[in-house]
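Rule-based calculations on the coordinates, nothing more; no lab input. This is a predicted model, so every value here is computed, not measured. Note: ideal-geometry Cβ built from the backbone for every residue, glycine included; neighbour counts use all protein chains shown.
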Amino acid sequence: MDNNALGKAIRKARGDLSLRDYAKKIGISHTHLDSIEKGYDPRTGKPVTISLDTFVKLSDATGIPLEELLFMLKYNLNDLEAIEEKPATSRTPIESMLLRYFSNDASQFGKHLQAKIQEQVNSESNSSLLLEQMNELFNNVSKLSETEQKAFYTGLVKGIERWENEQKGE
């Protein structure tokens, strides 16, 4: 797990506010916010532990959707497989949320993505080149494991939705 991307996003959202002021706005201690931004606890050198409640507070304060914050943790696929093997009663709230997030059927992501691509193809003058590139991409994706496909489609759909929102000025 790598909290660096998460820390950078939170630091960027904090802008010119001091660590103490932003922590107060979020509703957490400034030392915990400092640890989150660094990705580790400076007192112990160990990775920072973030509760689900804190993730919700961070999401509210930064405006970054909760799913994106969780995705920034960069759990790798081995982590997800290890979490899946744990009994449900021994999973942390974050681990349970990650499993729910990635457990959606990959075909749903594929169908959603296909519809989004078709919208773009209908508006592109060079649609045949785009279709060739997309076919090559999906042929490569089909060779991935189911867990890897889910992670790929999740990231891709989120990226497309974020791009669409940026185009709309949201």
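Before moving on, here are some points about what is shown:
- Available extension along the chain between K158 and R43 is 37.9 nm, counting 0.36 nm per residue and deducting the alpha carbon span.
- Local electrostatic count at S142 - Lys and Arg +1, Asp and Glu -1, tallied over other residues with Cβ under 14 Å: -1
- One decimal place: the segment D53-D21 gains 9.6 nm when fully extended, by the rule 0.36 nm per residue minus the C-alpha distance.
- Subtracting the Cα-Cα distance of S142 and N165 from 0.36 nm times their residue separation leaves 5.5 nm of extension gain.
- Pairwise centroid distance, computed over Cα atoms, of the stretch 8-43 with the stretch 137-170, Å: 29
- Out-of-range pairs (alpha-carbon distance over 22 Å; input K57/K168; K25/K168; K8/K158; K8/K150): K57/K168; K25/K168; K8/K150
- Most tightly packed first, judged by the mean number of other beta-carbon atoms within 10 Å of their residues, the peptides 11-21, 145-155 read 145-155, 11-21.
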